[in-house]
Every structure is written in C-alpha cells, then in structure tokens.
Amino acid sequence: MAAGRLRNENSNGLCWVGGILASVLGVLILYRLVARKRRRNGGECVKSMRTAKDEESRSVNENGGGDFDVIVVGAGVAGSALAYTLGKDGRRVHVIERDLSEPDRIVGELLQPGGYLKLIELGLEDCVEKIDAQQVFGYALFKDGRNTRLSYPLEMFSSDVSGRSFHNGRFIQKMREKAATLPNVQLEQGTVTSLLEDNGTVKGIQYKTRTGQELTAYAPLTVVCDGCFSNLRRSLCDPKVDVPSCFVGLVLENCNLPYANHGHVILADPSPILFYPISSTEVRCLVDVPGQKVPSISNGEMANYLKTVVAPQVPPEILDAFVAAVDRGNMRTMPNRSMPAIPHPTPGALLMGDAFNMRHPLTGGGMTVALSDIVVLRDLLRPLRNLNDAPALCRYLESFYTLRKPVASTINTLAGALHKVFCASPDEARKEMRQACFDYLCLGGLFSTGPISLLSGLNPRPLSLVLHFFAVAIYGVGRLLLPLPSPKRIWIGFRLISGASGIIFPIIRAEGVRQMFFPATVPAYYRAPPVK
C-alpha cells in the first residue's frame with residue numbers, strides 16, 4: 001500500500017512537472033511566434049517610419065523648409081491675390097518673387113469696377129485702402145474740341161463700388177502684406193530659373209535665393225504668374241506676343257482734370273492719350289506711340305515729340321501741368337503687349353496673369369481679367385483636398401481655360417478693337433469708323449452704357465460686344481448714306497464694314513470662337529472634380 005501510494009505520488013509529481021514543462025514550452029513557442037510577428041510588423045513599421053522620415057527630410061531639403069500644396073511663381077497682382085485666396089482656403093502656399101520691394105510701374109494703375117467686385121469676392125477690398133487710391137466713376141472722351149462723359153452703370157451697386165486708380169506698387173505691397181498674414185503662406189524672394197519636370201509632369205521649380213543659393217521647391221501644383229516678361233511661359237503655352245504700340249508715362253502734379261474722378265481718353269493723332277488720377281495730388285498721363293520704336297529720351301527727341309505733337313492736343317485745363325511734367329524729364333516707356341491665351345495643358349502646372357494672357361492696356365482691363373481668373377480657379381480647386389494626382393488634376397483644370405473665356409475674351413477683344421479704332425489713319429473708311437465710334441458714344445443711353453459696361457467688366461458678354469461693335473459700323477454707314485448717297489460714299493461705307501470685320505474677327509479667332517460664344521459645348525466645361 002505504501003509502495004503503491006509512493007508510485008502514485010511520484011507519477012503525479014512527474015505529471016505535474018511535465019505539465020509545467022509543457023506549459024513553459026508552449027509559452028516559449030508562443031513567445032517566439034509573437035516575437036517573429038512583432039519583428040515582421042515592427043520591421044514594416046520601422047521601414048514606414050524611415051520612409052516618412054526620409055520623405056520629410058527630402059521635403060525639407062528640397063522645399064527649403066516644409067511641405068506645400070501650391071507653389072506660386074510671382075507676387076504681382078495675380079500672384080499675391082492667388083496666394084491669399086488659396087491660403088485662406090487652407091492650402092499651404094509657397095510664393096517666390098524676384099523682388100519683394102515695392103514695384104514702380106506705369107501700368108496696372110486702374111482697376112475697373114468689375115475688377116473691384118472680384119476683389120470684394122476674394123476678400124481683398126481693403127487692399128485699396130490707405131494707399132491714397134482714387135475712386136473712378138467713368139470716362140471722359142475728347143475729340144477735335146468736343147467731349148462727352150461716359151459714366152459707369154453703377155446704380156445697382158452700393159456706393160463703395162466703382163473703379164479705383166492708384167500707384168501700382170502700393171497696391172501690390174498691400175496685397176503681399178495681406179497674403180503674408182496667413183500662417184500657411186510663405187513669401188520668399190528669389191529668381192525662378194526653371195520648372196522641374198519628370199516625364200512631362202511639373203514637380204516643382206528651381207530657383208536662386210537673394211543670396212545666390214540654388215534651391216529646389218516641390219509641390220503638387222505650380223502656378224506661374226510672373227508677369228509679361230515671363231521666362232517660363234514657353235513650356236506651358238504657345239506665346240504669340242504682339243507689340244502694337246508703346247506707352248510713354250508721365251506724372252502731372254497738382255492739377256485738376258476736366259472731369260473729377262474720371263479717366264480721360266483723348267482721340268489724338270496719331271494715337272490715344274490717357275489721363276487718370278493715381279493719388280490725391282498726381283495724375284498719370286500715358287501717351288500711346290504706335291509701333292515698337294519710340295523717340296529717344298536721352299537725346300531730347302521724346303521731349304520734343306511730346307511738346308510739338310502731343311501737347312497741342314491736350315485739353316487746355318491740364319496743358320501747363322503736362323508741359324511742366326515734360327520739362328521735369330521723368331519720362332518712362334513701356335511696350336504694350338498683346339497675347340491671346342493659347343495654353344498647353346501640363347500636369348502639375350498652370351499659367352495665369354500676364355504670363356498667360358495679355359491685351360492692350362488702353363482699357364485698363366488686365367487686373368480685372370486676372371482677378372476673375374483667380375475666382376474661377378479658386379472655385380475649381382475648392383472641392384479638391386488632394387492635388388497629388390497630376391494627370392487627373394490637369395484634365396480637370398482644362399475647364400479653367402473655358403470657364404474664364406466669357407470675361408477674359410470680352411475684355412481682350414474690346415481692348416484690341418478699341419485701340420485699332422481709336423488710332424488715327426489716313427484711310428477714309430477708318431476715319432469714318434473712328435468718328436462714328438465717338439458719335440455713337442455721344443448718343444448716351446444704351447449707346448453709351450452698353451459699351452462702358454463691357455469696358456468696366458460689369459457686363460462681360462461677348463455677344464453684346466459684337467452687337468455694339470457692328471452697331472457702330474452700321475451707324476457710320478448710315479451717316480455716310482444720309483441724306484443722299486453717292487457712289488463714293490457707298491464705297492467708303494462698304495469698306496467701313498469690311499474694315500470693322502477685319503478688326504474684330506481676327507481678335508475673336510485668336511481668342512477662340514467656340515470657347516468665347518459657346519463655352520457650354522466644350523466637353524471640359526462639364527468636367528467633374530477627380531475622384532479621390
């Protein structure tokens with residue numbers, strides 16, 4: 001009995017020890033399995049963390065200080081407004097501008113009422129405050145001793161809505177300051193030397209800092225808006241730049257224009273002269289000189305030209321101030337460029353502003369077009385949180401080029417057509433067209449408010465533009481044929497209509513007939529945002 005009990009106790013002890021050993025062995029096996037899985041997962045986690053860290057390091061090194069959603073090249077009117085607009089929508093924006101000091105230009109000083117409404121829509125209306133900007137309520141047109149006032153149709157708007165004229169540099173600095181107040185917008189001074197492309201997709205830019213250091217910056221979308229002298233546009237569009245004339249700029253001091261708070265257009269020979277206030281004590285004068293070559297300023301040819309050819313056609317109220325400005329000698333010239341928008345849709349990049357599309361500055365429509373384009377682009381980008389799919393984004397943004405057309409093409413076409421009509425010509429038909437345009441606008445009512453609403457950007461409708469343009473031509477023919485037509489007058493009338501067609505139709509063709517008049521028939525018009 002004792003021996004049996006001993007064997008049972010030994011057996012139970014062995015079972016107990018065996019159970020403990022089996023448990024320990026199971027724990028070891030389980031531990032090894034778990035450890036192996038952890039090592040596998042841990043390796044992937046380490047690999048993932050390393051990749052993220054490396055990517056962050058690459059991003060910091062290549063972006064020069066952080067990740068960005070959009071790179072904006074240029075901080076002029078278009079670039080500054082775009083940076084603020086995208087930054088306000090939560091985008092991380094890196095703006096690179098060649099020179100962040102205050103610009104000093106003789107154009108970009110008149111913002112039409114339509115442009116001011118876009119400024120309000122973008123939340124930038126305070127940028128025209130505290131820069132001594134002047135309200136503009138319309139135009140005064142002068143020809144051969146006669147004049148007429150053309151007021152903007154502002155009855156439907158608040159009293160604050162009007163045109164604005166100012167020093168271009170002050171306005172741009174205010175916009176830059178406003179953009180810089182956003183924590184996700186970084187402004188940097190540097191010169192962009194090239195776009196960085198990979199298999200046809202723009203990945204970012206290469207640029208030199210103000211100290212000469214060469215850096216690269218990367219972002220899913222690069223917007224090029226570096227102005228009329230852009231060195232990057234050739235890879236993003238088909239630039240066909242025309243220079244029909246040059247502006248000679250002067251500043252008249254302490255003088256009163258015949259019509260306060262109005263722009264003044266003198267239909268002079270050989271081409272128009274503009275006057276408009278840019279501060280409470282200064283009036284900008286821009287003399288249009290046909291062609292690409294202007295009289296030399298250095299040898300006194302320019303001063304002689306202004307005194308002998310231009311001064312006799314200046315309204316007497318401001319003649320003395322004009323001559324005094326010529327005598328001071330602070331004259332500057334600027335080529336007037338015209339370039340229709342002919343884009344090359346490129347993944348990862350977009351052109352805007354004068355780098356993309358220019359028109360003759362006679363009508364002061366450049367800033368209105370730029371701000372309108374920014375509103376269109378903002379609305380297109382708002383539904384997108386991720387901009388990294390460059391091909392899909394490029395296809396989607398093709399609609400931008402169509403959606404911008406009604407406003408842009410109306411202002412572009414009007415600017416080009418008016419400059420051709422307003423320039424003097426020895427041709428009888430062109431003389432009649434010029435006189436008919438002046439007399440048509442003098443009729444008042446619909447005949448003046450229609451064209452001025454087009455010019456101001458308040459009613460940018462291409463069809464309305466064409467109707468008014470040919471109404472002027474028909475009005476001119478009617479003047480020729482009444483009271484009694486003659487073979488010579490009939491012939492001049494025929495050439496007038498032919499000449500009018502020769503002025504406007506090439507401009508419309510360059511702008512794109514389908515996009516201008518029938519944008520809804522363009523497939524990209526309905527293109528939906530890419531799916532995530």
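The values are calculated or read from the model by the stated rules, or taken from the named source; none is laboratory data. What you see is a predicted model, and the numbers here were worked out from it, not measured in a lab. So basically every Cβ, Gly included, is an ideal-geometry build from the backbone, and we count neighbours across all protein chains shown. Just the protein is used for accessible areas: all its heavy atoms, side chains included, with ligands, DNA and RNA removed. Shrake-Rupley method; radii C 1.70, N 1.55, O 1.52, S 1.80 Å.
The numbered conditions (1) farther than 27 Å from Pro244 by Cα; (2) open to solvent by 30 Å² or more (accessible area, probe 1.4 Å); (3) of a type in the set (Val, Ile, Thr) are all true for Ile474 except (1). Residues that are closer than 30 Å to Leu124 by Cα and acidic (Asp, Glu) were ranked within region 182-239; the one that is surrounded by the most Cβ atoms within 10 Å (Cβ to Cβ) is Asp226. Looking only at region 58-91, filter to residues that are under 23 Å from Ser194 (Cα atoms) and among the hydroxyl-bearing types (Ser, Thr, Tyr); which one of those is modelled with the lowest pLDDT? That would be Ser59.
Restricted to region 359-369, and to residues there that are open to solvent by 10 Å² or more (accessible area, probe 1.4 Å) and on the phi < 0 side of the Ramachandran plot, the residue that is farthest from the chain's Cα centre (by Cα) is Leu362. Taking (1) more than 30 Å from Leu196 (Cβ to Cβ); (2) of a type in the set (Ser, Thr, Tyr); (3) out of contact with any strand residue (DSSP E or B) (no Cβ under 9 Å at 6 or more places or on another chain) in turn, Thr402 satisfies each apart from (1). On the given criteria, is Ala324 assigned by the TED database to the domain that holds Gly249 and either touching a helix residue (DSSP H, G or I) at 6+ places or on another chain (Cβ under 9 Å) or under 30 Å from Ala78 (Cβ atoms) (or both)? Spelling it out, it is not the case that Ala324 is assigned by the TED database to the domain that holds Gly249 and either touching a helix residue (DSSP H, G or I) at 6+ places or on another chain (Cβ under 9 Å) or under 30 Å from Ala78 (Cβ atoms) (or both). Selection over region 81-138 of residues that are open to solvent by 10 Å² or more (accessible area, probe 1.4 Å), closer than 30 Å to His264 by Cβ and among the aromatic types (Phe, Trp, Tyr) gives a count of 1.
Taking region 139-158 as the range and being aromatic (Phe, Trp, Tyr) and open to solvent by 30 Å² or more (accessible area, probe 1.4 Å) as the test, only Phe157 passes.
Suppose the filter is of a type in the set (Val, Ile, Thr) and out of contact with any helix residue (DSSP H, G or I) (no Cβ under 6 Å at 6 or more places or on another chain); does Val309 pass it? So Val309 passes the test. None of Asp288, Asp327, Asp320 is charged (D, E, K, R) and either at pLDDT below 95 or assigned to a strand (DSSP E or B) (or both) except Asp288. Residues in region 252-274 include at least one that is over 30 Å from Arg395 (Cα atoms) and charged (D, E, K, R).
Here the strands (runs of 3 or more DSSP E) wholly within region 196-249 that include at least 2 residues being in contact with a helix residue (DSSP H, G or I) (Cβ under 7 Å, 6 or more places away or on another chain) are 214-218, 221-224.
Candidates are the residues of region 403-458 that are over 30 Å from the mean Cα position of the chain (by Cα) and on the phi > 0 side of the Ramachandran plot; the one that is least open to solvent (accessible area, probe 1.4 Å) is Gly444.
I'd like to check which helices (runs of 4 or more DSSP H) are fully inside region 417-496 and have at least 1 residues that are out of contact with any helix residue (DSSP H, G or I) (no Cβ under 7 Å at 6 or more places or on another chain), free of Cβ contacts under 8 Å to residues at least 12 places away in the same chain and within 20 Å of Asn147 (Cα to Cα).
Output list reads 428-442, 446-455.
For region 320-348: of the residues being farther than 30 Å from Val70 by Cα and small (Gly, Ala, Ser), which is least open to solvent (accessible area, probe 1.4 Å)? Within region 320-348, the match that is least open to solvent (accessible area, probe 1.4 Å) is Ala325.
Within the option set Leu232, Leu257, Leu236, being outside the structural domain of Gly200 (by the TED database) and not β-branched (Val, Ile, Thr) holds for one residue only, Leu257.
Residues in region 264-319 that are open to solvent by less than 40 Å² (accessible area, probe 1.4 Å), among the charged types (D, E, K, R) and over 32 Å from the mean Cα position of the chain (by Cα): there are none.
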